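Just so it is clear, none of the values below were taken in a lab; they were calculated from the coordinates. Quick caveat, the model's predicted, so the values are computed rather than measured. Because the Cβ atoms are built from the backbone with ideal geometry, glycine has one as well, and the counts that use them run over all protein chains shown.
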Amino acid sequence: MFIRLKQLYNIVGEKVSIDYTVGVERLNEVKGFSFSNPITVRGTIVNRAGIVSLKYSAEFTLHICCDRCLIEFDRDYCFDFEHILVRSLSNDNDDSEEYIVTETDELDMDELVLTDCLLSLPSKMLCKEDCKGLCPKCGADLNQGECNCGG
């Protein structure tokens, strides 16, 4: 979904509400992750005193494999994000990571949502916090009980 920002940049007090889903077609392009449902996105873009800010939440369910015991499971996620939108940055600005630059006055919300969500995921996916994993000797799932190999 592309959002045109020209009016938002030019009119102080302008506000746009966001309520849509990132579709399955777009999510299928993401390698290494399996989404169980579309990403639901809700938020607003507001021009307050000439500063255009974006606040939104993203909700989705991932179908993932535990990194320790290899069991497959679904996990729900809900993240909140805030960004300041600008048309350009001056070269001496060291805080450029705080801003989203939209030189063409258009924002690709799907791209931003996917990037924000993927960067917010944990680096290790576990079915439960105290997952015991697999026996390194026989491969038994240690969450189901002790194995008989003595490993």
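Neighbour counts of other Cβ atoms within 10 Å put Asp110, Asp67 in the fewest-to-most order Asp67, Asp110. Full extension of the chain segment joining Cys147 with Asp74 gains 23.6 nm, where the gain is 0.36 nm per residue of separation less the Cα-Cα distance. Pairs of Lys residues in the chain are counted when their Cα atoms are under 19 angstrom apart and they lie 8 or more places apart or on different chains; the count is 5. Label-to-label distance, Leu118 versus Glu106, with points set 7 angstrom from Cα along the beta-carbon direction: 2.1 nm.
A Stokes-Einstein calculation at 4 °C with viscosity 1.567 mPa s, built on the Kirkwood radius of the chain over Cα pairs, returns a diffusion coefficient of 71 µm²/s.
Glu82 sits among other residues whose Cβ lies under 12 Å from its own Cβ, and their net charge, with Lys and Arg +1 and Asp and Glu -1, is -2.
The C-alpha atoms of the chain define a longest principal axis, and helix 109-120 lies at about 40 degrees to it. Our note on the geometry: Cα centres of the range 1-78 and the range 94-150, 16 Å apart.
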